[in-house]
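As structure tokens, the structure follows; a few thoughts come after it.
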Amino acid sequence: MPPGELLAVPSAEQLDGIAVCVLAASPQVQEARLIGRGEPADSLVHHLRFGQWFRRHSEDPQHAPEVIRVDTPVPMDWSRWETLSGVDPRWPVTVLDTDALSAGEVAERIEAWARENLADVESAEPRGR
């Protein structure tokens, strides 16, 4: 789920805070991984474009918000993040570049990130970046 959607859902205001870890890969690595798992060639461009948008949105909430700001039966509150920048502490997003990492290394990094952020729950100050 894109961070902007997470912050816009009605129940977000009931949370004490959030922390988001986005696993990202360069288009070249993402394409190789998709092909390796048997993804049809005609769908690759869509995966790659969305992956690029997702990473840019994670780093900068102002990047192409129209991708997710669409009509929905759920009353979303986009104002919670529409003025935030990627360095704002209210946009607690960490992007983990997985290009040079093995699956085991990614798992280790996610675990370390989760433990750090869980330790911060009491202070309600998630660690971004």
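Readers should treat all values here as calculations from the given coordinates under stated rules, not as data from a laboratory. A quick note: this is a predicted structure, and the numbers were derived from the prediction, not measured. Cβ placement follows ideal geometry from the backbone for every residue including glycine, while neighbour counts extend to all protein chains displayed.
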Worksheet, complete the sentence: Lys and Arg at +1, Asp and Glu at -1: neighbours of residue 39 with Cβ under 11 Å from its Cβ sum to 0
Worksheet item: Taking the Cα centre of the stretch 3-123 as the origin, how large is its charge dipole in debye, to the nearest 20, when only Lys and Arg (+1) and Asp and Glu (-1) carry charge on their Cβ atoms?
Response: 280 debye
Practice prompt. Obtain the radius of gyration and the Kirkwood radius of the chain from its C-alpha atoms and give Rg over Rh.
Written response: 0.99
Fill in: Listed residue (17, 38, 6) projecting farthest to the positive dipole end of the stretch 5-44, Cβ model
38
Discussion item. Projecting each Cα onto the charge dipole of the chain (Lys/Arg +1, Asp/Glu -1 at the beta carbon, about the Cα centre), which of 104, 85, 117 comes out farthest on the positive side?
Written reply: 104
Item to complete: Report the extension gain between residue 45 and residue 32 in nm, rounded to one decimal, defined as 0.36 nm multiplied by the number of residues separating them, less their alpha carbon distance.
Response: 3.4 nm
Worksheet, complete the sentence: Inter-part gap, Cα centre of the stretch 52-120 to Cα centre of the stretch 1-28, in whole angstrom, is 5 Å
